[in-house]
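S.K.: I'd like to ask you about the structure that follows.
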Amino acid sequence: MNNVNPFQVFLKESPEIAGAYNNLLATIGTAGALDDKTRQLIFIGIKASQGDTAAVTAHVPMARQAGATREEIRDSIIMTLAISGFQGISHCLVPALECFDSMN
């Protein structure tokens, strides 16, 4: 069960709720006063504070495409230190920067 994608199971088992969840994410991703770069940097910071390396590295390309620099991504992760300790840095900083650098 280690290679099972939990979202795919969620989608299969409860397509209506998964669809509503996707709509919520799409709305959050486009509504309000924040531009896409800022949204991506906030998402990276939040997920880094949770130690979610997969989510952070999935959003690094989106942040870069939206105009985020390597330094902005780095700082979004480093800022988590004040709120959630070293977890975000220890789990996510190196993979995020490697992901960014691999896009060159």
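The values are calculated or read from the model by the stated rules, or taken from the named source; none is laboratory data. Just so it is clear, the model here is predicted, and its values are computed rather than measured. All Cβ positions, even for glycine, are placed from backbone atoms using ideal geometry, and neighbour counts span all protein chains on display. The protein model used for the area step is the full one, side chains on, heavy atoms only, and it has no ligands, DNA or RNA in it. Shrake-Rupley method; radii C 1.70, N 1.55, O 1.52, S 1.80 Å.
S.K.: Quick one: count up the residues across the stretch 5-41 that are under 23 Å from residue 96 (Cα atoms), in a loop (DSSP other than H, G, I, E, B) and open to solvent by less than 70 Å² (accessible area, probe 1.4 Å).
M.R.: Counting residues in the stretch 5-41 that are under 23 Å from residue 96 (Cα atoms), in a loop (DSSP other than H, G, I, E, B) and open to solvent by less than 70 Å² (accessible area, probe 1.4 Å) gives 0.
S.K.: Examine the stretch 70-88 for a residue that is in contact with a Ser or Thr (Cβ under 7 Å, 6 or more places away or on another chain), part of a loop (DSSP other than H, G, I, E, B) and either over 14 Å from residue 38 (Cα atoms) or of a type in the set (Ser, Thr, Tyr) (or both), and state whether such a residue exists.
M.R.: Scanning the stretch 70-88, I find at least one residue that is in contact with a Ser or Thr (Cβ under 7 Å, 6 or more places away or on another chain), part of a loop (DSSP other than H, G, I, E, B) and either over 14 Å from residue 38 (Cα atoms) or of a type in the set (Ser, Thr, Tyr) (or both), so the answer is yes.
S.K.: Continuing with this model, one more query. If residue 51 satisfies all but one of (1) crowded, with 16+ Cβ neighbours inside 10 Å; (2) assigned to a helix (DSSP H, G or I); (3) touching a helix residue (DSSP H, G or I) at 6+ places or on another chain (Cβ under 6 Å), what's the number of the condition it fails?
M.R.: If we test residue 51 against (1) crowded, with 16+ Cβ neighbours inside 10 Å; (2) assigned to a helix (DSSP H, G or I); (3) touching a helix residue (DSSP H, G or I) at 6+ places or on another chain (Cβ under 6 Å), just (2) comes out false.
S.K.: Among (1) at pLDDT 95 or above; (2) surrounded by fewer than 17 Cβ atoms within 10 Å (Cβ to Cβ), there is one condition residue 84 misses while meeting the rest; what is its number?
M.R.: (1)
S.K.: In the stretch 1-48, which residues are within 29 Å of residue 78 (Cβ to Cβ), touching a helix residue (DSSP H, G or I) at 6+ places or on another chain (Cβ under 9 Å) and of a type in the set (D, E, K, R)?
M.R.: Correct list: 36, 37, 39, 47.
S.K.: Okay, next question. Just for the stretch 55-66: of the residues that are open to solvent by less than 70 Å² (accessible area, probe 1.4 Å), among the aliphatic types (A, V, I, L, M) and under 10 Å from the mean Cα position of the chain (by Cα), which one is nearest to residue 101 (Cα to Cα)?
M.R.: Within the stretch 55-66, the match that is nearest to residue 101 (Cα to Cα) is 60.
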